[in-house]
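The values are calculated or read from the model by the stated rules, or taken from the named source; none is laboratory data. Owing to the predicted nature of the structure, the values given are computational and were not obtained by experimental measurement. As a convention, Cβ positions derive from the backbone with ideal geometry for all residues, glycine included, and neighbour counts pool all protein chains shown. All accessible areas refer to the heavy atoms of the entire protein, side chains included, with ligands and DNA or RNA removed. Shrake-Rupley method; radii C 1.70, N 1.55, O 1.52, S 1.80 Å.
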Amino acid sequence: MSGGTFWRCTGAMLVLALAPSPAAWAQGVFKCTVDGKTVYQAAPCEGQGKVVELPRGPSERDIQEAKKRAAADRSQASAADRRILQRAEDRTEQQARNTVLAANADCAGLNNRRASAYGRRNGAMRASRQDNIDRSTEVHQANADIQSIEALMSRAGCSMQ
């Protein structure tokens, strides 16, 4: 071994030998008051302090309360599931009503009303440009009619021609 390596190995062993063991690090230090002075020592202080009992976990009562809360949470989740299922059933019923409405609807009559509303709207727009008179009220009313008629046609399942 060369001289440098020898001293490095010896230094490393010396550091390890002088380092406290893990058990020494784990020992507690107690702060005591003796004759009005603060003293630190490895043993508990005589006549000072008190025994503290640490709880070992939830009590039987805590466990029962937790079970009750869990049951309540499950019932709330079940209520939410029932509401979701009810909404789905409502949508299915609405679709069935729309199908019946389509069978009974006068799709040709709705298409005629729609065409008439488009004609009123286009006529009002054309007259407004030609006469330079504001006819926006007539245009807006015709557009509102078109929208309501198309909504009826959509619910009834009519094709728009």
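Table for the structure above
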read-out: Exclusive hit being of a type in the set (Lys, Arg) and either in contact (Cβ under 8 Å) with a residue 24 or more places away in the chain or closer than 30 Å to residue 92 by Cα (or both), set 120, 135, 126; value: 120
read-out: Any hit, the range 2-11, residues being at pLDDT 80 or above and open to solvent by 100 Å² or more (accessible area, probe 1.4 Å); value: no
